[in-house]
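We did not get these values from a lab; they are worked out from the coordinates using the rules stated. Just so you know, these numbers come straight off a predicted model, no measurement behind them. Cβ atoms come from the backbone with ideal geometry, glycine included; neighbour counts cover every protein chain shown.
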Amino acid sequence: MSLASKIIIANWKANPSSLKEAQDLFAKEVGEAAMHSRVKTVICPPVIYLEELSKMLHANFPQASVSLGVQDMGEAAGPLTGEVSPEMVRNFGVDYVLIGHSERRYTLGESDRIINRKVVAAIGHRIIPVLLVGEKEQNDYRYDVLAEQLRQDLVGLNSLEVSKVLTVYEPAWAVSSHPDSHADTPAEALRAIEMIREVLFKTWKLEQKETIVLYGGSVNEHNLLSFLEHPEIDGVIVGGASLSIEKFGHILKLTDNLQVRKGHDSIH
Ligand code: PGA
């Protein structure tokens, strides 16, 4: 899969705490995204709000350049207490699923085996897996961590299937809620993204145009362009700043302006 425009993913995490607030934030963010329709926007709200937000999206913005995503998903229907199945998610018009976020890997202890099964389930249900990889501590040896996570999380998939995965380099230490967090430098993020591509090229024989790799970790309206100005960085995932309509609107506007300057095609 290749993408002509940048992609911006909003990860609301377990926020906001009421449906009313979620509807309000969603309406405003979708409105902003519709004004910047050259940018591919994906909003990942908590799954409990999905039904209402999906109805809002399809009733009010049928042409919107926004897709819905979920922040996680169970691997199958059936006896998995507490999980939400791929079919359920798909029925709400969800196109993307985040898999392997560092909060699930390192805080909740999700293993690479489970992550792999979720990636396989997503592909089997035509939901685009957004696979997040990254080291836990800043001094961890990054190439080894990235290569190991990619190989385990994508094991058993063929090249065509791997080309459908959107990969995000998001080191846990850079996520804004992490103690002493700070965004990675664009130069280091770029190196990590090159490492990810190297593994994808070597292991699955993919070509550059078959890989989409994003950066995540403390992205905001101030540092956004320092990442996005690199053609190798296909987009960003935004956590904390996606809960503020001012910040998120600004992020979409800056991305749109950058694309106009760089002459990206619209993907719609
Ligand atoms: P952050 O979160 O932008 O608040 O660092 C990003 C994420 O966790 O995906």
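Would you say P45 is in contact (Cβ under 8 Å) with a residue 40 or more places away in the chain and in contact with a helix residue (DSSP H, G or I) (Cβ under 7 Å, 6 or more places away or on another chain)? Explain how you work it out, then say what you get.
Working: in contact (Cβ under 8 Å) with a residue 40 or more places away in the chain: no; in contact with a helix residue (DSSP H, G or I) (Cβ under 7 Å, 6 or more places away or on another chain): yes.
When the stated conditions are applied, P45 does not pass them.
Going through segment 198-233 one residue at a time, which ones are among the acidic types (D, E) and either part of a helix (DSSP H, G or I) or closer than 21 Å to D153 by Cα (or both)? Working first, answer last.
Residues of segment 198-233 that are among the acidic types (D, E), as a first pass: 198, 207, 210, 221, 229, 232.
Scanning segment 198-233 gives E198, E207, E210.
I'd like the full set of residues that are under 19 Å from T107 (Cβ atoms), surrounded by fewer than 21 Cβ atoms within 10 Å (Cβ to Cβ) and of a type in the set (G, A, S), limited to segment 157-188.
Selection gives S176, S177, S181.
Every residue in segment 129-153 that is assigned to a loop (DSSP other than H, G, I, E, B) and surrounded by fewer than 24 Cβ atoms within 10 Å (Cβ to Cβ), please.
E135, K136, E137, Q138, N139, D140, Y141
Go through (1) part of a helix (DSSP H, G or I); (2) touching an Asp or Glu at 6+ places or on another chain (Cβ under 9 Å) and name the single condition M195 misses.
(2)
Checking the conditions here, which among G217, G240, G235, G249 is at negative phi, within 15 Å of the ligand (Cβ to nearest atom) and either surrounded by fewer than 19 Cβ atoms within 10 Å (Cβ to Cβ) or under 14 Å from the mean Cα position of the chain (by Cα) (or both)? I'd like the intermediate steps shown before the answer.
Numbers: G217 fails: at negative phi; G235 fails: at negative phi; G249 fails: within 15 Å of the ligand (Cβ to nearest atom).
Among G217, G240, G235, G249, only G240 is at negative phi, within 15 Å of the ligand (Cβ to nearest atom) and either surrounded by fewer than 19 Cβ atoms within 10 Å (Cβ to Cβ) or under 14 Å from the mean Cα position of the chain (by Cα) (or both).
From the list A147, A192, A172, which one is touching a residue at least 12 places away in the same chain (Cβ under 8 Å) and closer than 17 Å to N11 by Cβ?
Criteria check complete, one pass: A172.
K209: over 19 Å from L225 (Cα atoms), more than 19 Å from the chain's Cα centre (by Cα), touching a residue at least 24 places away in the same chain (Cβ under 8 Å) and surrounded by fewer than 13 Cβ atoms within 10 Å (Cβ to Cβ), yes or no?
Against the criterion (over 19 Å from L225 (Cα atoms), more than 19 Å from the chain's Cα centre (by Cα), touching a residue at least 24 places away in the same chain (Cβ under 8 Å) and surrounded by fewer than 13 Cβ atoms within 10 Å (Cβ to Cβ)), K209 does not qualify.
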